[in-house]
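Peer 1: Take a look at this one; I'll ask things after.
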Amino acid sequence: MISAHTDYDRQREAELRRARRRASGLLLVATAMFASTFAMGDATWVGFLRSTAEAAMIGGVADWFAVTALFRHPFGIPIPHTAIIPRSKTGLARSLGEFVRHNFLEPSQLVERIRAADIGRRAGEWLSAGHNADMLAGQIASVLGAVAEGLDTEAVEESLESLVLDRLHSLPLAEMVGKGIEAAVVAGQHRQIMEGAIRGLASALDDNRETLRRWVREQSPWWVPEVVDDAVFSRGLEALLDLVERVASDPSHEIRRTLDLRLVEIARRLQTDPDLAAIVSERVDAIASQPEVRGWVRDLWSQVTAALADAASRADSPMRGRIASALTRLGERLVAEERLRARFDGWLESLAPPLARVGQNELADIIAVTIERWDPEETSRRLELWMGRDLQFVRINGTVVGGLVGLAIHSLVFAFGG
């Protein structure tokens, strides 16, 4: 069954009643004109009027019958080939579904609409507004959080552990580390680390001054006076600390250049020496097999789900903020970068044909199944509300055209028949 009348239905019913009254009123006028001609005598003009009214009556009644026969039996009489819509509801449902399928979700038309809509730019402008990006970030976090909660935590943690550790085993870590070190040295990005390490060495020497002093005394011959040992040690340590400071402060120092060359040499060995690569892999495997590392990997999933839940519930969540920032940047790039926008639109266009094919079948089935569930009489009433007002103009036109045809025929007969 179809739902109860809505305000829209009541409005359409009122319009249909007005249209019926106009069509029926015109038919009554034609009928009254035809009947009145019998009291007007036998004047020539009366014949023209009678023929016109008679033909108008015939046209109006014929079109009334045709319009009524679409939705019900005229006068309730089961005349063959009437009440067409209630009798053909199933076929109509399928035909309407097929019509929508082939005319409203055709893949080429959908692709054309996507191109004309400039979705990439409009999406970029929408995302560039901060509140939109934040709202979407909250929705994304909520969806991902719900999905994460619905998964088997133990199975996910085991899969994540296996994935991460297997990936570590399969990666050419020595080569990757070597390339990273070499690139950092060439770009000078290692200098701060190098300087920090050298200053750290100086600090360690200074902090362990007394330990070093005792070691020097122990290594010094017994016959050397202690005061000489102390003086030599102090001068030597100060000179060493001064040298370390100069090396740390001057990137072009000879020692620094030597260290850089050694780093590059090590980096290249990591990339080319299979023995060194095997040693690195063994060390990584040993570290990865530690329970602490495995526990940390498994704990990653719990941290992710907790962060997603936090992002879904709090607008000021760090993860939600990062997602929103990423979406805002994406929007700005879509507006500013034509190539990225073209790639985005191309991706949408590539999705259009398969989505259209799926949507065609689904939409056609939805329309067909929905109409098939309707009661036949209610279906007829619903369709009459949708198009009955326009069909009443068919009745009006039939009355008018019938009258004009009757007038034309009578005129021809009068002109050629005497």
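Peer 1: Checking residue 193 against (1) at pLDDT 85 or above; (2) surrounded by 12 or more Cβ atoms within 10 Å (Cβ to Cβ), which test does it fail?
Peer 2: With respect to (1) at pLDDT 85 or above; (2) surrounded by 12 or more Cβ atoms within 10 Å (Cβ to Cβ), residue 193 is out only on (2).
Peer 1: Pick out, from the stretch 94-187, the helices (runs of 4 or more DSSP H) lying fully within it that include 3 or more residues that are free of Cβ contacts under 8 Å to residues at least 12 places away in the same chain and polar (S, T, N, Q).
Peer 2: The qualifying helices (runs of 4 or more DSSP H) are 153-170.
Peer 1: Moving on. Does the stretch 287-295 contain at least one residue that is farther than 25 Å from residue 186 by Cβ, in the same structural domain as residue 210 (by TED's automatic domain parsing), free of Cβ contacts under 8 Å to residues at least 40 places away in the same chain and outside any helix (DSSP H, G or I)?
Peer 2: Checked the stretch 287-295: at least one residue is farther than 25 Å from residue 186 by Cβ, in the same structural domain as residue 210 (by TED's automatic domain parsing), free of Cβ contacts under 8 Å to residues at least 40 places away in the same chain and outside any helix (DSSP H, G or I).
Peer 1: So how many residues does the stretch 245-276 have that are hydrophobic (A, V, I, L, M, F, W, C) and either touching a Leu at 6+ places or on another chain (Cβ under 7 Å) or not assigned by TED's automatic domain parsing to the domain that holds residue 201 (or both)?
Peer 2: Of the residues in that region, 2 qualify.
Peer 1: Might you check whether a residue that is in the same structural domain as residue 194 (by TED's automatic domain parsing), in a helix (DSSP H, G or I) and surrounded by fewer than 13 Cβ atoms within 10 Å (Cβ to Cβ) occurs anywhere in the stretch 303-322?
Peer 2: Checked the stretch 303-322: at least one residue is in the same structural domain as residue 194 (by TED's automatic domain parsing), in a helix (DSSP H, G or I) and surrounded by fewer than 13 Cβ atoms within 10 Å (Cβ to Cβ).
Peer 1: Can you confirm whether the stretch 77-87 contains a residue that is surrounded by fewer than 16 Cβ atoms within 10 Å (Cβ to Cβ), in a loop (DSSP other than H, G, I, E, B), modelled with pLDDT under 75 and of a type outside the set (Phe, Trp, Tyr)?
Peer 2: No: zero hits.
Peer 1: Which of the following residues is of a type in the set (A, V, I, L, M) and surrounded by fewer than 19 Cβ atoms within 10 Å (Cβ to Cβ): 53, 23, 39, 30?
Peer 2: From the options 53, 23, 39, 30, the qualifying one is 39.
The values are calculated or read from the model by the stated rules, or taken from the named source; none is laboratory data. Predicted model, so just to flag it, every value in this text is computed and none were measured. Positions of Cβ are generated from backbone atoms using ideal geometry, with glycine treated the same way; all protein chains shown enter the neighbour counts.
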